Each structure stands twice: as C-alpha cells, then as structure tokens.
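Each value in this text was obtained by applying a stated rule to the coordinates, not by laboratory testing. None of these values were measured; they are calculated from a predicted model. With ideal geometry, Cβ positions are generated from the backbone for all residues, glycine too; neighbour counts draw on all protein chains shown.
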Amino acid sequence: MSQYLYNKQKTDEALRYHQEDLQPGGIGALGDGSLRRWMHTGDEGYLDPEGYFVISGRIKDLVIRGGENISPMEIEDRLVEHEAVAQASIVGAPDEKYGEELGAFVELREGYARPSDEELRAFVREKLARFKAPRYFWWLQGDNPRVPYTWPKTTSGKVSKPDLRKLVEGLI
C-alpha cells in the first residue's frame, strides 16, 4: 500500500518511518539509504514458535484495568465455549478505581436458559486469570431496553466495538 486515497492524515498515521531501523540490530536502510515505511495496522499479535504472526486482537480494543492490558479476544473465546453463549463481545467500562472494568455483551444460544453472571464469571476463571472475568454482563434480546436486540455491525458485517463502547455509558 502506498497511501490512503485523498487522505494524507490517515496515510501519515498508518505508514511511518522508524529511525530505530538504523540502530545496531535494526533492519537497516533500503539500498538507496532511505528508511522503509512500516504499515501500522492496529493489530496486536505475536510470533509463534514457527515464525508466523498470530493476530490476538486489535490495539484499540485493549481494556486497561488497573494497569493490566487485557485483550478482549481471549475472554470472548472463553465465553463462547459456554454451552449457553452464542456470541460475546468484551469492551471497557469506565471505573473510578481501576480506570476500566470488563463489560461483556452476550447473546444467548437458542434453546438454552440464561446463566447467572456469577456462573459465567466462574466459567471464565476456570481457564483465565481472575481479573479477566467480566464485571458486567449485558444480554442481547434480554430484559434491558438499553441493550440492543441485535449486534451493531460495521459495513463489513463485523460487530462494531465503537458502537458497543458508546452504549456502555448508559448501562453502568
């Protein structure tokens, strides 16, 4: 990619030069001595033992609770392992003590009874650290009229986390 069409600001945010490339141990300059531009996608990830980049979430989606950076994806993955949960999305909820708390928007799987919040917290804690269990649960198609009946979606059909984050303010 060379640029965002007609959007210099977005191009400058995403495509950046890094002087660190010229430092010892850096990747170095191009053949003509110029720096490479790096595409900052906003994805979070790690290199696995075989050298593949594994995407583990989006940097914008991180929840920072009491100084801990928490990736929503692993909590969402754990919640959907519960037989009664069809889909889940984790967002940060403002909190005076910790800065942010974990909030879970959850869709009940058809034909199942809704588990209690404490049951789901205990389920998350079976495999994840205690602080990764959501404090809040908001059920789609539930009894709270402030929670949407269906998932807010982006134009590409993905769950819209920015829309969910906006909803949180009226829920806590």
- prompt: Tell me, what is the Rg over Rh of the range 5-112, with Rh the Kirkwood radius over Cα pairs?
  reply: 1.12
field: Prolate/oblate/rounded label for the range 8-58 (Cα gyration tensor, a/c 1.5)
entry: oblate
task: State the answer as a single residue: which of Gln141, Thr155, Ala88 lies farthest towards the positive end of the charge dipole of the range 60-168, with beta carbon charges of +1 for Lys and Arg and -1 for Asp and Glu, about the Cα centre.
output: Thr155
task: Using only the alpha-carbon atoms of the range 36-172, report the extent along each of the three principal axes, biggest first, to the nearest angstrom.
output: 53, 35, 33
- request: Pull up all non-local amide H partners of Glu68: gap of 5 or more, or a different chain, and H-to-H distance under 5 Å with H placed in the peptide plane.
  value: none
Estimated distance in nm for a label pair at Glu126 and Thr154, the labels positioned 7 Å out from Cα along Cα-to-Cβ: 3.2
- line: Calculated from DSSP helices alone, with each H run of at least 4 adding -39500 (n - 2.57) and the total divided by the residues of the chain, [θ]222 nm to the nearest 500 comes to -5000 deg cm²/dmol
field: Relative contact order (percent, whole number), the range 8-58, Cα cutoff 8 Å, 6+ residue spacing
entry: 28
- prompt: How high is the relative contact order of the chain, in percent, with contacts defined as C-alpha pairs under 8 Å that are six or more residues apart?
  reply: 13
query: Is there a pair in Lys10/Lys166; Lys127/Lys153; Lys10/Lys153; Lys8/Lys166; Lys10/Lys97; Lys132/Lys158 whose C-alpha atoms are over 26 Å apart, and which pairs would that be?
result: Lys127/Lys153; Lys8/Lys166; Lys10/Lys97
